[in-house]
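The structure under discussion appears below in the form of structure tokens.
Nothing in this text is a laboratory measurement; each read-out follows from the coordinates by a stated rule. Note that the structure is predicted; figures quoted are calculated from it, not measured. For neighbour counting, all protein chains shown are included, and Cβ atoms are generated from backbone atoms with ideal geometry for every residue, glycine included.
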Amino acid sequence: MKINRRLLRVFFIAPFNIMIVLPALILWASESINFLAPYRMSFEPVPGILGGLLIAVGAVVAVRCVSLFMHYGDGTPAPWDPPQRLVTEGLYRHVRNPMVEAVACVLLGQSILFGSLPLFLWFLVFAVGNAIYTPLVEEPELSRRFGDPYRTYMQNVPRWLPRQHSWQGFNELS
């Protein structure tokens with residue numbers, strides 16, 4: 001199996017740090033978990049299952065989003081290697097920011113799984129930061145780069161709450 005170095009570089013610089021390194025540092029700094037004695041961790045079934053499910057779903061969606069960017073956009077979600085084409089396939093037919101939602105899902109799942117208020121605060125910082133950054137920076141930049149097709153996409157696909165049915169106008173944007 002050939003390893004895609006471009007994909008690995010993007011994954012380990014952005015999502016890996018946001019979803020794994022920073023939460024681990026937050027847990028360590030807040031003493032929410034004793035890394036030297038993981039056998040002491042005992043999770044309640046409901047938060048454990050809910051947190052684990054959110055983490056799993058978020059991780060799968062994040063990986064899928066990165067692959068969509070690479071396959072359809074000829075780029076990545078990373079600012080140093082942006083897509084060359086507008087990605088309007090798969091999950092992007094339902095919502096404009098599934099990658100952000102996937103990462104938020106993982107962070108929320110971690111806060112529930114570990115019962116950690118500091119992790120929940122990190123989830124809130126991430127969510128609020130993206131709620132501000134997306135309309136003020138990302139969307140104007142994408143509108144500048146992709147023009148009318150992106151503006152049409154914005155009018156038909158919601159930013160955060162997914163459409164029940166995929167928008168079929170994507171084929172016109174290709």
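Observations on the structure shown:
- For region 59-104: relative contact order, % (alpha-carbon pairs under 8 angstrom, 6 or more apart): 40 percent
- Net charge over other residues, Cβ less than 12 angstrom from the Cβ of Cys65 (K, R count +1; D, E count -1): 0
- For region 81-174, applying the loop criterion from DSSP together with a ceiling of 16 other beta carbons within 10 Å to the trypsin sites (Lys or Arg not before Pro) yields Arg85, Arg159, Arg163.
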